[in-house]
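The structure appears below as structure tokens.
The values are calculated or read from the model by the stated rules, or taken from the named source; none is laboratory data. These numbers come from a predicted model, not from an experiment. Counting neighbours? That spans all protein chains shown, and the Cβs are built from the backbone with ideal geometry, glycine included. Keep in mind that these areas ignore ligands, DNA and RNA; they rest on the heavy atoms of the full protein, side chains included. Shrake-Rupley method; radii C 1.70, N 1.55, O 1.52, S 1.80 Å.
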Amino acid sequence: MRIGELAERAGTTTRTLRYYESIGLLPARRTGNGYRAYDEDDLRLVRQIRTLQDFGFGLEETRPFVECLRSGHPAGDSCPASLEVYRRKLAELDDCIARLGDVRRQVGAQLARAERARAALEAAATGPDGAPEPRCELTPYDPSASDGTPKTTPRG
């Protein structure tokens, strides 16, 4: 098959396939008239690369899987080098999950503090009869003020 058909069947672009070829992930076979020629094995290589990329693997991380397929294995992840890439990726994901868990706990604690502070402000803003006290908010700097201070505007 030619490059356009391979791109269509693999769900990618010809530009991407040319890039894979330039970095040695996809073999560059040419017909007598100079067209690139691909077969079902090449389609399987490209699908393997695309699947791994969908999982978050970088292109260089796909190389052991491609080499495993090229060496005749029916699956690109049955070789020792591919298994090692899986192990490294899992360790990387575990680390990322742990960091995200830490961030989530920190954000949760900050939210709880902010909610307590908000409740305290609302409780302090009620008058003796339980009705809300009038609020004042600072407005932006007022250059026309005689003393140069920001003015306050009561808001209810």
* Index of the failed condition, Ala112 passing every other in (1) open to solvent by 60 Å² or more (accessible area, probe 1.4 Å); (2) at pLDDT 85 or above; (3) small (Gly, Ala, Ser) -> (1)
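So that you can scan it fast, the table gives a plain yes or no per residue for (1) in a helix (DSSP H, G or I); (2) more than 22 Å from the chain's Cα centre (by Cα); (3) within 27 Å of Arg87 (Cβ to Cβ); (4) without any contact (Cβ under 8 Å) to a residue 12 or more places away in the chain:
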{"site": "Arg15", "(1), (2), (3), (4)": "yes, yes, no, yes"}
{"site": "Pro27", "(1), (2), (3), (4)": "no, yes, no, no"}
{"site": "Asp41", "(1), (2), (3), (4)": "yes, yes, yes, no"}
{"site": "Phe57", "(1), (2), (3), (4)": "no, no, yes, no"}
* Asked: Do the conditions hold for Ala81, that is, is it out of contact with any Lys or Arg (no Cβ under 7 Å at 6 or more places or on another chain), over 22 Å from Val66 (Cβ atoms) and not basic (Lys, Arg)?
  -> no
* Structure fact -> Within region 68-80, the count of residues that are outside any helix (DSSP H, G or I), of a type outside the set (Ser, Thr, Tyr) and surrounded by fewer than 18 Cβ atoms within 10 Å (Cβ to Cβ) comes to 6
* Asked: Which condition number does Asn33 fail, the rest of (1) part of a loop (DSSP other than H, G, I, E, B); (2) surrounded by 12 or more Cβ atoms within 10 Å (Cβ to Cβ) being met?
  -> (2)
* Structure fact -> When every residue in region 3-18 that is among the hydroxyl-bearing types (Ser, Thr, Tyr) and surrounded by 14 or more Cβ atoms within 10 Å (Cβ to Cβ) is compared, the one farthest from Arg47 (Cα to Cα) is Thr14
* Are any residues in region 1-17 within 14 Å of Leu59 (Cα to Cα) and not hydroxyl-bearing (Ser, Thr, Tyr), and if so, which ones? -> Leu17
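This table checks each residue for (1) under 30 Å from Gly24 (Cα atoms); (2) basic (Lys, Arg); (3) free of Cβ contacts under 8 Å to residues at least 24 places away in the same chain; (4) open to solvent by 100 Å² or more (accessible area, probe 1.4 Å).
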{"position": "Val66", "(1), (2), (3), (4)": "yes, no, no, no"}
{"position": "Ser82", "(1), (2), (3), (4)": "yes, no, yes, no"}
{"position": "Val85", "(1), (2), (3), (4)": "yes, no, no, no"}
{"position": "Gln106", "(1), (2), (3), (4)": "no, no, yes, yes"}
{"position": "Arg116", "(1), (2), (3), (4)": "no, yes, yes, yes"}
